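What follows is a short report on a single structure.
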Amino acid sequence: MSSSSTTANPASAATAVQSSPLVMRIIAACALAHLINDLIQAVLPSIYPLLKANYGLTFTQVGLITLTFQVTASLLQPWVGFYTDRKPMPNLLPLGMVCTLVGIVMLAFVGSFPMILVASALVGIGSSTFHPETSRIARLASGGRFGLAQSTFQVGGNAGSAFGPLLAAAIIIPFGQVNVVWFGLFAVFALAVTYGLSRWYREHLNSFKAKQGQRATHGLSRSRVIASLVVLGLLVFSKYFYMASFTSYFTFYLIEKFDLSVASSQLHLFLFLGAVAAGTFFGGPIGDRIGRKAVIWFSILGVAPFTLLLPYVDLFWTSVLSVIIGFILASAFSAIVVYAQELVPGNVGMIAGIFFGLMFGFGGIGAALLGYLADIHGIEYVYILCSYLPLLGVLAVLLPSTGKR
């Protein structure tokens, strides 16, 4: 049975659940591992003000740190997914977490900008194995409720990204860079969780291989599928270029425009990232019910009025609008991933790798480019420019239905 048919037909979805039951404890474990993984990754942008002050970095160099992390993750993820779709490697998941552990411990003790880049690259390599592998395990445990599984998995990562700045503000900012090492304890715990997931995955490989035999039933031509994937890529571009302005520079924006302290700016970033987590959670199940295309359309284009207004309001409305923007914008990603997997069934890991890779890649390129623009024109100019990006959401009208024909 194809994933597209389960979305189009409730009876088919019920059959899928019976033949491959929902294993919520595995999905929850995937979400927990994702929470820890992304919490560790969130340490890096959270300490940018500290690194900038300690090493005399420019905004361009800050952007290069993000670029190094996200490009190493984005370039490797699709290849990891493509290879393990055909030759599953359950042990790759905990091995990737070992790489993340080494990178975060290095970050605590490095003494130069080049070594910061090396540590960032190691964390990125760990991420490149984590996302496609864990996304595949969550889908395998979904019982046909693919949107629920993907959004639950993804919301773990968003929650980790939200808590990372708070923990950084409490542990690292007041006491210094060396205290990054405490986050290594989270990595050790995540290593245990991912080892358990790899064991479950190994025991269910036969089920996974059976699912690999799925054939597309949406009736779309190869060229139409490719064109749809390109449109999805452009939507991810608009989403994560805009998101990069928040994850890397929102604290600087608040400090410069409203004269906030670093700790206060981190709290506002937490509110935004918390809204992102909530939006991600609701996006998947809603997509299961009303269709992925509707969620994608609303999430990207629907946020445009708020992004266009943001650069011109006071601190109170900046906080309110940032929460609204985070919630609406985040609801798209789970729907985009599952929609793409329905377009190309049997390539779960590769599709997850491509879109997580695009997420990191566009985010990294966006961070570097926006940092360069901030150095030249000022940080407020960045938010005025980025406010137009969600208008690309109008491209969602080009997406076809993936229902069974």
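Quick notes on this one:
- Within the range 219-260, being outside any helix (DSSP H, G or I), in contact with a Pro (Cβ under 8 Å, 6 or more places away or on another chain) and either under 23 Å from ALA330 (Cα atoms) or polar (S, T, N, Q) (or both) holds for no residue.
- Qualifying positions in the range 302-321 - within 24 Å of SER161 (Cα to Cα) and in contact with a Leu (Cβ under 7 Å, 6 or more places away or on another chain): VAL303, ALA304, PHE306, LEU310, THR318, SER319, LEU321
- Selection of first residues in the range 169-186 that are farther than 12 Å from PRO49 by Cα and open to solvent by 20 Å² or more (accessible area, probe 1.4 Å) and of second residues that are at pLDDT below 80 and in a helix (DSSP H, G or I), restricted to Cβ pairs under 8 Å at least 6 apart or on distinct chains, gives an empty result.
- Filtered residues of the range 283-311 (kept if closer than 13 Å to LEU235 by Cα, open to solvent by 10 Å² or more (accessible area, probe 1.4 Å) and either among the basic types (Lys, Arg) or touching a Lys or Arg at 6+ places or on another chain (Cβ under 9 Å) (or both)): LYS293
- The helices (runs of 4 or more DSSP H) located wholly in the range 7-91 that include 3 or more residues which are more than 30 Å from PHE252 (Cβ to Cβ) and modelled with pLDDT of 85 or more occupy 24-46.
- Of everything listed in (1) out of contact with any Cys (no Cβ under 9 Å at 6 or more places or on another chain); (2) of a type outside the set (A, V, I, L, M, F, W, C); (3) in contact (Cβ under 8 Å) with a residue 24 or more places away in the chain, the single unmet condition for GLY366 is (1).
- From the options GLY63, GLY56, GLY96, GLY81, residue that is surrounded by fewer than 21 Cβ atoms within 10 Å (Cβ to Cβ) and of a type outside the set (A, V, I, L, M, F, W, C): GLY56
- Filter result (touching a Phe, Trp or Tyr at 6+ places or on another chain (Cβ under 9 Å) and exposed (fewer than 15 other Cβ atoms within 10 Å of the Cβ)) within the range 395-405: VAL397
The values are calculated or read from the model by the stated rules, or taken from the named source; none is laboratory data. Because the structure is predicted, anything quoted here is derived from the model rather than measured. Cβ sites come from the backbone with ideal geometry, for glycine too, and all protein chains shown count toward neighbours. Ligands, DNA and RNA are excluded from the accessible area calculation, which covers all protein heavy atoms including side chains. Shrake-Rupley method; radii C 1.70, N 1.55, O 1.52, S 1.80 Å.
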